[in-house]
1. Hey, fewest Cβ within 10 Å first, where do D419, D282 land in order?
2. Would you order H203, H299, H181, H147 from fewest to most other beta-carbon atoms within 10 Å of each residue's own beta-carbon?
3. Consider the candidate values (i) 0.90; (ii) 0.95; (iii) 1.07; state which one is Cα Rg over 2.2 N^0.38 Å computed from the structure displayed.
4. Quick one: C435, C344, fewest Cβ neighbours within 10 Å first, how do they rank?
5. Would you mind calculating the gained length between Q324 and V24 on full extension (0.36 nm times residue separation, minus the Cα-Cα distance), in nm to one decimal?
6. Within the chain, how many Lys pairs sit with Cα atoms under 29 Å apart, leaving out pairs fewer than 8 places apart on the same chain?
7. Note down the net charge around L273, summing +1 for each Lys or Arg and -1 for each Asp or Glu among other residues with Cβ under 14 Å from its Cβ.
8. Stretched out fully, how many nm does the piece from L188 to R139 gain, at 0.36 nm a residue minus the Cα gap?
Amino acid sequence: MAERKIYAGHAVRRLRRAAGLTQVALSSALDISPSYLNLIEKNQRPLSAALMLRLADQFDFDPRKLASDAPGGGLEGMRRRLADPLFADLNLERAEIEEWLAAAPAGAEAFARAFDRMSEGDVPSGVSAEALPVMTVRREIERWRNHFADLDAQAEALADELRIATGDLYSALAERLRQKHQLAIRILPAEVMPDHVRRLDLHARQLQLSEMLDNASRTFHAAFLIAELEARAEIDALVHGAGFADRHAERLFRRHLLSYFAAAVMMPYDRFLRACEASGYDPLLLQRRFGAGYEQVAHRLTTLQRVGARGLPFFMVRIDRAGQSSKRYAGASAAPMVEADNRCPLWAIHSAFDRPGQMMPQLVELEDGERWFTLNRTVAGQSAGLRTGQAIFAIALGLKAEFARPLLHARGLDLAQGDAQPIGLGCTACTRPTCTQRSAPPRGRALRFNERERGLTPFEFVGD
């Protein structure tokens, strides 16, 4: 934050008014002049690192929150909205958006609210009405940066209680279900549950699990049921607070929160963060230490945003062989690759299918020069037996290259100046002129033809 200018006049003014302070009183507490504070609140001066620390001391909050409190979610929030194909022909640069936020913060906030309202009310082009609840829920998850502090705290307390009882989490969960809720866990053959991996039979007082589930999945499903039984009030409050108009969105969000709680029981926040920092955020080591699956660890890495104990800001994307995304979590990363509807075939998330189970680190660079470090690997989906087969997915776990230095898999790499794979956000959103992998021209650019020449691609366009 010290390396970039942050205009947070709206946030500073809200803090001051909430505390019932005048500009004179706050400027005195911050040891600056009232006129300088007035300029800050009008976004005519950026906040210095020293001032942010003084504000944090005065109001007891995380100074990084100021960036997210900026109009429209700040630079990254506005860039996410302006990445919509509707604005593809405008070619807005980062500097222009920064100037807009600084010069007209109220106008930027108004645009953001109008855009979000339009997105909530209308089905976007190319998106089915059935898929809209998924988008709505994802927007709510990202509003929380995929970190739900109350659920984390409750799950952590439960995990500590269970750990005192026994070192085997699955056994401890099974015993808690038996003693506190009069529910037994029963493992059933695949032929008895050919189309399911979990079933709650309240008549028999059983949580029935398929024998096809591995140990990590069995533990997860036991913790998922505990979440339904013991975290209902907290989850109901979060679902109600989201204010969904669609019942399907409500149920999807509830499922996400239940899964979040289950993962937090398996990987309690403090212990998991300490293990991340000690291991260089090695997903394979974290898997073994916490008895979790690779995908469960990847999910958990996107949630480490506890105030005062933040982890690295990871994003996660999961795709199938056809390139369709089934999971997308930006967390605190603001990664444009998460929001993009299409992906670049030069990103190693696609080639991971050719090397199943192998970790494929890759340093990539977007068109605006931003660099991202990604870990790409396949995972096997849940299977109920030979009848259903087993799905294969690829997961990309990544973060901005400037934050990747502590990572085990990034050691020895020159993250700032070393070779990086240029990628785009899908061919129709990418304006790189000489990409031999191009499959379609960029939106908003007219095609150009020259019968005497042939370029590297069949799609030459104006502006390249």
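Read-outs throughout are calculated quantities, based only on the coordinates presented, and are distinct from any laboratory measurement. Predicted model, so just to flag it, every value in this text is computed and none were measured. In this analysis, Cβ positions are derived from the backbone assuming ideal geometry, glycine residues included, and neighbour counts consider all displayed protein chains.
1. Working: D419 8, D282 19.
If I rank by nearby Cβ atoms, fewest first, I get D419, D282.
2. Numbers: H203 5, H299 25, H181 15, H147 20.
So the ranking, lowest neighbour count to highest, is H203, H181, H147, H299.
3. (iii)
4. Working: C435 19, C344 24.
Ordered from fewest to most neighbouring Cβ atoms within 10 Å, C435, C344 come out as C435, C344.
5. Values: separation 300, 0.36 × 300 = 108.00 nm, distance 5.50 nm.
This chain segment gains 102.5 nm when fully extended.
6. On the way: K5/K42; K5/K65; K5/K400; K42/K65; K65/K327; K65/K400; K327/K400.
So the count works out to 7.
7. On the way: positive: R271, R274, R289, R300, R306, R310; negative: D152, E156, D270, E277, D282.
Charge balance in the 14 Å sphere: +1.
8. Values: separation 49, 0.36 × 49 = 17.64 nm, distance 3.74 nm.
Full extension from L188 to R139 adds 13.9 nm.
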